[in-house]
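Nothing in this text is a laboratory measurement; each read-out follows from the coordinates by a stated rule. Since this is a predicted model, take the numbers as computed values, not measurements. A quick note on method: Cβ atoms are made from the backbone with ideal geometry, for glycine too, and the neighbour counts reach across all protein chains shown.
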Amino acid sequence: QSVLTQPPSVSGAPGQRVTISCTGSRSNIGADYDVHWYQLLPGTAPKLLIYGNNNRPSGVPDRFSGSKSGTSASLAITGLQAEDEADYYCQSFDSSLSLVFGGGTKLTVL
Amino acid sequence: EVQLLESGGGLVQPGGSLRLSCAASGFTFSNYAMRWVRQAPGKGLEWVSTINDGGFRTFYADSVKGRFIISRDNSKNTMYLQMNNLRAEDTAIYYCAKDMGLTRSWASDYWGQGTLVTVSS
């Protein structure tokens, strides 16, 4: 049972927009700790996609965006491409002094 | 170019020990906190441990507290994870990750490819 809750899967057709939610609590996201998003492709190292709720590292396309409100956060992907098919994880910090992750969401491009 | 290279994984019996290493290059290692994150087969990411830049502050997940020890040697640009009293549930790919260095952020901006630890008799 992950501390942050994500939908197990989402899907969309090429060119469409999808969102992935990440729900926490008052001890993590709601305590004003930042939310970060990572992309995991099979056999590759995890990649930082969004940091500090809505910032993209250099090299990440602007098709990826993040937002945060209250105890939840979201990752949005517009103009879906086949190469976006991957697992996505949100991460934050908890007042128990632990880093916490969501359970992960598998994105399928139809 | 930032590179993180994990090593030391393998097959170990329950109750055994293993020491993982993470060799870093491409950045000033002594300026950044580092951490270990693992992914069990078919499961999600799980934070294991973090060590601050100087190596004198360490943090652990409850699931490994008292069994795992994180350390670093800034003169060798290397971080370690000593894993003792291993259990079947410790079976996972162990990733080394670099902290981004932003205040109150705890984001990891670079990750290694991971090393597989299998605990089985």
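Note down the relative contact order for chain A as a percent, whole number, built from C-alpha pairs under 8 angstrom at least six residues apart. Don't skip to the end; give the middle numbers.
Working: 280 pairs, mean separation 42.4, N = 110.
In percent, rounded to a whole number, it is 39.
Starting from the Kirkwood radius over alpha-carbon pairs of chain A, derive D by Stokes-Einstein at 20 °C in a medium of 1.002 mPa s and give it in µm² s⁻¹.
Working: Rh = 13.8 Å.
The Stokes-Einstein estimate is 155 µm²/s.
Once you charge only the Cβ atoms, +1 for Lys and Arg and -1 for Asp and Glu, what is the size of the charge dipole of region A:21-110 about its Cα centre, to the nearest 20 debye?
100
Tell me the relative contact order for chain B as a rounded percent, counting alpha carbon contacts under 8 Å between residues six or more apart.
Values: 298 pairs, mean separation 41.9, N = 121.
Normalised by residue count, the contact order of chain B is 35 percent.
Where in chain A is the longest stretch that carries no trypsin sites (Lys or Arg not before Pro) classed as loop by DSSP and with at most 12 other Cβ atoms within 10 Å?
Longest stretch, sites excluded: A:27-110.
For region B:20-71, state which trypsin sites (Lys or Arg not before Pro) are in a DSSP loop and have at most 14 other beta carbons lying within 10 Å of their beta carbon.
Sparse-neighbourhood loop trypsin sites (Lys or Arg not before Pro): B:43, B:57, B:65.
Sequence neighbours fewer than 8 away in the same chain don't count; with that in mind, list the lysines whose C-alpha is under 26 Å from residue A:47.
A:68, A:106, B:43, B:76, B:98
Can you work out the Karplus-derived ³J(HN,Hα) for every residue in region A:19-36? Use 6.51 cos²θ - 1.76 cosθ + 1.60 with θ = phi - 60°, whole Hz, and x for glycine or proline.
Rounded to whole hertz, the list is 10, 10, 8, 9, 10, x, 8, 6, 9, 10, 4, x, 8, 6, 7, 5, 10, 10.
Mind pulling up the Rg/Rh value for the protein assembly as shown? Radius of gyration and Kirkwood radius, both on Cα.
Using Cα coordinates only, the ratio equals 0.96.
Work out from phi, with θ = phi - 60° and the Karplus expression 6.51 cos²θ - 1.76 cosθ + 1.60, the ³J(HN,Hα) of each residue of region A:46-55, listed in order in whole Hz, and give x for Gly and Pro.
For region A:46-55, the Karplus curve yields x, 10, 6, 9, 9, 10, x, 6, 8, 10 Hz.
Amide H to amide H, which residues 5 or more places from residue B:110 or on other chains are under 5 Å from it, using H placed in the peptide plane?
It is B:98, by chain and number.
Taking amide H positions as placed 1.01 Å from N in the peptide plane, with prolines and chain starts having none, which residues 5 or more places from residue B:72, or on another chain, fall under 5 Å of its amide H?
The list, which skips near neighbours in sequence, is B:80.
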